[in-house]
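Encoded as structure tokens, the structure appears first; notes follow it.
The values are calculated or read from the model by the stated rules, or taken from the named source; none is laboratory data. Source: prediction; values computed, not measured. We place every Cβ from the backbone using ideal geometry, glycine too, and count neighbours over all the protein chains shown. When the accessible area is computed, the model is the full protein with side chains, heavy atoms only, and any ligands, DNA or RNA have been set aside. Shrake-Rupley method; radii C 1.70, N 1.55, O 1.52, S 1.80 Å.
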Amino acid sequence: MWAEEYARSSAPPRSGHIGENLLAPTLIAHGSPEQKARFLPAIAAGDELWCQGYSEPGAGSDLAGVRTGAVRDGGYYRLTGQKIWTSLAQDADWCFVLARTEAGSRRHQGLSLILVPMDQPGRIEVRPIRQLTGTSDFNEVFFDGARARVEHVVGGEGAGWRVAMSLLGFERGVSTLAQQIGFAEELGRVVRAAVGSGAVEDPVVRERLVRQWAELRVMRWNALRTLGRAGDAGAPSVAKLLWGGWHQRLGELAVAVRGIGGGVGPRDWAASSPYELDAFQQLFLFSRADTVYGGSDQIQRTIIAERVLGLPREPKGVV
């Protein structure tokens, strides 16, 4: 409730989202008493910021293909490999990394979720990735013998896939309740823009606005429903499918209601470095990734088909 009221007040985005909404509930579910005592208070206080080390250049939607390795060295692991699309890594104090701790293991076997400190000059390098919006929230992260304590493996060595999937369930599911308040604020601004520009007089635009409102209500009801359905394998995937496509369509509508001005930059284009975007243009460009990050729409449909509906798995090698 607090998170919803914070979002409703239009307060600034919270920098600790990844620690608060992804790692913290995962530690509560799978962490040791020592891990909870060490990390949860710092996350709650905002003293330590986190990033997520999942995707790799050859293992994005196919997360089981990760190749980043972690070799035991006394009381530590030494990690070597590369992660990509690591949100806010440039500011993070820690990274939870899905790595292969069993040499020669394949797919879901031999993986561990390891908590890695980011302040390791010469062992961890962060390279920002410039986005369509001109910002660099995402990063490449390179590990070259980075160290992590053995006691900072969540759920035990080899349990990484189970713990990682649990974390993704939190990311895709009920953690979006507060996010939906922000969505409602964005939708309100689009409605006001449509009224101001006269676009609301177009029956097609009106229908799209009403549909966005109705679908947002459905998303909220679905998220509330999942609060009482722990262990529902399909609920997080349904939530991700709903909000990813909805937010992307809102970005398209935000530009459409502005008319030709929606795609135009500032008057003094030459003075922009490299260019400036208004809030609606930012929304349109950034939302193109909504149906990809956090697990693509195709992956979510496969999870629902196989784990909920019980449909047969696709034969290996089928494209």
**Message:** Condition (residue is closer than 23 Å to residue 236 by Cβ, among the hydroxyl-bearing types (Ser, Thr, Tyr) and in contact (Cβ under 8 Å) with a residue 60 or more places away in the chain) applied to segment 143-166: is it met by at least one residue?
**Reply:** yes
**Asked** Only one of (1) more than 21 Å from residue 197 (Cα to Cα); (2) surrounded by 13 or more Cβ atoms within 10 Å (Cβ to Cβ); (3) at pLDDT 75 or above; (4) not β-branched (Val, Ile, Thr) fails for residue 254. Which number is that?
**Response** (1)
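Could you list all residues from segment 281-293 that are surrounded by 19 or more Cβ atoms within 10 Å (Cβ to Cβ) and out of contact with any Phe, Trp or Tyr (no Cβ under 9 Å at 6 or more places or on another chain)? Show your work before the answer.
Our first condition is that a residue be surrounded by 19 or more Cβ atoms within 10 Å (Cβ to Cβ); within segment 281-293, this holds for 281, 283-284, 287, 290-291.
If the condition is that a residue be surrounded by 19 or more Cβ atoms within 10 Å (Cβ to Cβ) and out of contact with any Phe, Trp or Tyr (no Cβ under 9 Å at 6 or more places or on another chain), then 281, 283, 284, 287, 291 are the ones that fit.
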**Asked** What number goes with the only condition from (1) outside any loop (DSSP other than H, G, I, E, B); (2) in contact with a helix residue (DSSP H, G or I) (Cβ under 7 Å, 6 or more places away or on another chain); (3) at pLDDT 85 or above that residue 298 does not pass?
**Response** (2)
**Prompt:** From the set of residues in segment 124-173 that are at pLDDT 85 or above and assigned to a helix (DSSP H, G or I), which is nearest to residue 55 (Cα to Cα)?
**Reply:** 164
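Which ones in segment 61-77 are closer than 18 Å to residue 289 by Cα, open to solvent by 40 Å² or more (accessible area, probe 1.4 Å) and touching a residue at least 24 places away in the same chain (Cβ under 8 Å)? Spell out how you get there, then give the answer.
To start, the set of residues in segment 61-77 that are closer than 18 Å to residue 289 by Cα comprises 61-63.
Going one step further and asking which of them are open to solvent by 40 Å² or more (accessible area, probe 1.4 Å), we end up with 61-62.
Result: 61, single match.
Quick check on this structure: which one of 210, 200, 204 is β-branched (Val, Ile, Thr) and either open to solvent by less than 80 Å² (accessible area, probe 1.4 Å) or outside any helix (DSSP H, G or I) (or both)?
Numbers: 210 fails: either open to solvent by less than 80 Å² (accessible area, probe 1.4 Å) or outside any helix (DSSP H, G or I) (or both); 204 fails: either open to solvent by less than 80 Å² (accessible area, probe 1.4 Å) or outside any helix (DSSP H, G or I) (or both).
Going through 210, 200, 204 in turn, the sole match is 200.
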**Message:** Checking the structure you have, find out if any residue of segment 80-96 is of a type in the set (Ser, Thr, Tyr), open to solvent by 60 Å² or more (accessible area, probe 1.4 Å) and at pLDDT 90 or above.
**Reply:** yes
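Looking at 29, 7, 24, 11, can you tell me which residue is more than 19 Å from residue 164 (Cα to Cα), of a type outside the set (D, E, K, R) and touching a helix residue (DSSP H, G or I) at 6+ places or on another chain (Cβ under 7 Å)?
When all the criteria are applied, what remains is 7.
Which residue out of 86, 80 is within 17 Å of residue 119 (Cα to Cα), assigned to a strand (DSSP E or B) and either free of Cβ contacts under 8 Å to residues at least 12 places away in the same chain or touching a strand residue (DSSP E or B) at 6+ places or on another chain (Cβ under 6 Å) (or both)? Reasoning before the result, please.
Values: 86 fails: assigned to a strand (DSSP E or B).
Within the list 86, 80, the selection yields 80.
Filter segment 10-54 for residues that are in a loop (DSSP other than H, G, I, E, B) and either at positive phi or open to solvent by 30 Å² or more (accessible area, probe 1.4 Å) (or both) and give the result. Spell out the reasoning first.
Keep residues of segment 10-54 that are in a loop (DSSP other than H, G, I, E, B), which gives 10-16, 31-32, 46-49, 54.
Passing the criteria: 10, 11, 12, 13, 14, 15, 32, 46, 47, 48, 49.
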**Fill in**
Scanning segment 113-155 residue by residue, those hydroxyl-bearing (Ser, Thr, Tyr) and open to solvent by 20 Å² or more (accessible area, probe 1.4 Å) turn out to be 135, 136
**Request:** Tell me, yes or no, whether segment 105-112 has at least one residue that is modelled with pLDDT of 90 or more, open to solvent by less than 70 Å² (accessible area, probe 1.4 Å) and touching a helix residue (DSSP H, G or I) at 6+ places or on another chain (Cβ under 7 Å).
**Result:** yes
